[in-house]
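For reference, the structure discussed in these notes is given below.
The values are calculated or read from the model by the stated rules, or taken from the named source; none is laboratory data. As the structure is a prediction and not an experimental result, all values here were calculated from the model. All Cβ positions, even for glycine, are placed from backbone atoms using ideal geometry, and neighbour counts span all protein chains on display. Side chains are part of the model used for accessible areas, which takes the heavy atoms of the whole protein and leaves out ligands, DNA and RNA. Shrake-Rupley method; radii C 1.70, N 1.55, O 1.52, S 1.80 Å.
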Amino acid sequence: MMTVLHVVYDPHDPTAWYPNFLAGLRMGLDEAGVPYDYSPRMPERPRGPVFFTRYTVQKQLLEAAEPPEHVIIHEHDIWNPFTNAYDPADLWIYSHPSLAAILVTNPSMVPWGERYLPAGSRAQVVAAGFPYDHTLINRVIAELKPGPDRERLVVFPGRLNEFYQPYLSVRMAFELMDRGYRVFIASPVDPLSYYPVELWRQMGIEVGRLPHEDYYRLLARAQAAISVTTGGSLTLALYEAYLLGATPIAPAGRPDLPPWTEVYHPRYDALNPRQAIEMVEQRVPVAVECRWFDIGHYVEHLLAVAGPWL
């Protein structure tokens, strides 16, 4: 039997960015000529490494009659002290004898992944990035041709949950509106029911979930996009803002604590969010380390850990 890379994915995952990850990964594997299969289920007797692309499918490993010899996982987020979704029961994967490698999105996540590995573990934690599929956003860019003339519009991207501090976004929105800006809090998922979204709208803040292309059109007009995440990794929404001509403004915390946003330079102090507003007002240019969103860069790192068994 030919050895292939078994890519296991979750067809029911509702996360907005996950389909892009799967599409970019497939494109990269095709480009590299890697033998692989994509499936929601791990093969009963896999021959070759198994790559779990989401934590929601990893439990198949516990149910396997014949576990694979080599398992690779991608951690899109590492559990951190600022998330309300920490569940110790999900950390069993770090101690599984088949675990060979953990891919994370950027270097500052590596020590956080390593802290969960047991003593003597052979697993590597590798900063690989995100295989971003630019197909849709490039089509919108070609259609709209975003230019330097921007509206006095600021977008706050991110899910409306504690991880993205919506109450801080609202507080900053009031100050921005006092300075003459239009503000849109754009969530990629429906807002949780306990947030007073209708009240925010009555007070002049635009809030809601937009279809992908409409969201891109919004960013193409915006002056800036501000993230207030406490733990986001590459903060893809800011990368998309950058591609569409809006200044991506990310928070920076202590070097040893999330958020993991070091691909954006400069950033504002997470403990002094008014700096973000000043960056908007002063039109501070922000650079982005784009290699972390490159498909080839990602697949190169994936093959570095999977290649010996292909």
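Placing +1 on the Cβ of every Lys and Arg and -1 on the Cβ of every Asp and Glu, with nothing else charged, gives the stretch 129-264 a dipole about its Cα centre of roughly 240 debye.
Just so you know, the Rg over Rh for the stretch 83-180 is 1.13, from Cα atoms, with Rh as the Kirkwood radius.
Across the options ILE141, VAL189, LEU219, the greatest Cα extent toward the positive end of the charge dipole of the stretch 134-292 (unit charges at beta carbon of Lys, Arg, Asp, Glu) belongs to ILE141. Computed about the Cα centre, the dipole magnitude for the chain is approximately 440 debye when only Lys and Arg (+1) and Asp and Glu (-1) carry charge, each at its Cβ. With all protein chains in place and a 1.4 Å probe, the accessible surface of the stretch 134-292 carries 54 percent carbon and sulfur. Among the trypsin sites (Lys or Arg not before Pro) within the stretch 1-86, those in coil by DSSP and having at most 15 neighbouring Cβ atoms inside 10 Å are ARG41, ARG47, LYS59. Over the chain, DSSP H runs of length four or greater, each weighted -39,500 (n - 2.57), average out per residue to a 222 nm ellipticity of -8500 deg cm²/dmol.
Relative contact order of the chain, taken over Cα pairs closer than 8 Å and 6 or more residues apart, is 18 percent.
Loop-located GluC sites (Glu not before Pro) in the stretch 42-105 (DSSP state other than H, G, I, E, B) with a sparse environment of at most 10 neighbouring Cβ atoms within 10 Å: GLU44.
Using the Cα gyration tensor of the stretch 252-310, with a ≥ b ≥ c the square roots of its eigenvalues, what is the shape: rounded (a/c below 1.5), prolate (a/b larger than b/c) or oblate (neither)? It is oblate, given that a/c is not under 1.5 and a/b is not larger than b/c. Of all beta bridges that DSSP places with both ends in the stretch 134-292, some 10 percent have antiparallel geometry. Within the chain, the proportion of Cα pairs with more than 24 Å between them is 54 percent.
Applying the Kirkwood pairwise sum to the alpha-carbon positions of the stretch 134-292 produces a hydrodynamic radius of 15.6 angstrom. If you run the Gaussian network model on the chain, springs between alpha carbon atoms under 10 Å, then out of ALA85, ALA270, ALA220 the most flexible one is ALA85. Across the stretch 195-260, the relative contact order, built from alpha-carbon pairs under 8 Å that are at least six residues apart, equals 30 percent. Highest average first, the peptides 135-148, 223-236 ordered by how many other beta carbon atoms sit within 10 Å of their residues are 223-236, 135-148.
Beta bridges from DSSP with both residues in the chain: antiparallel share about 5 percent, rounded to the nearest 5.
With the contact rule set at Cα under 8 Å and sequence spacing of 6 or more, what percent relative contact order holds for the stretch 134-292? About 22 percent, as a whole number. Ordered by 1.4 Å accessible area with all protein chains kept, TYR242, TYR181 run largest first as TYR242, TYR181. Solvent-accessible surface of the chain, averaged per residue with a 1.4 angstrom probe and all protein chains in place: 45 square angstrom.
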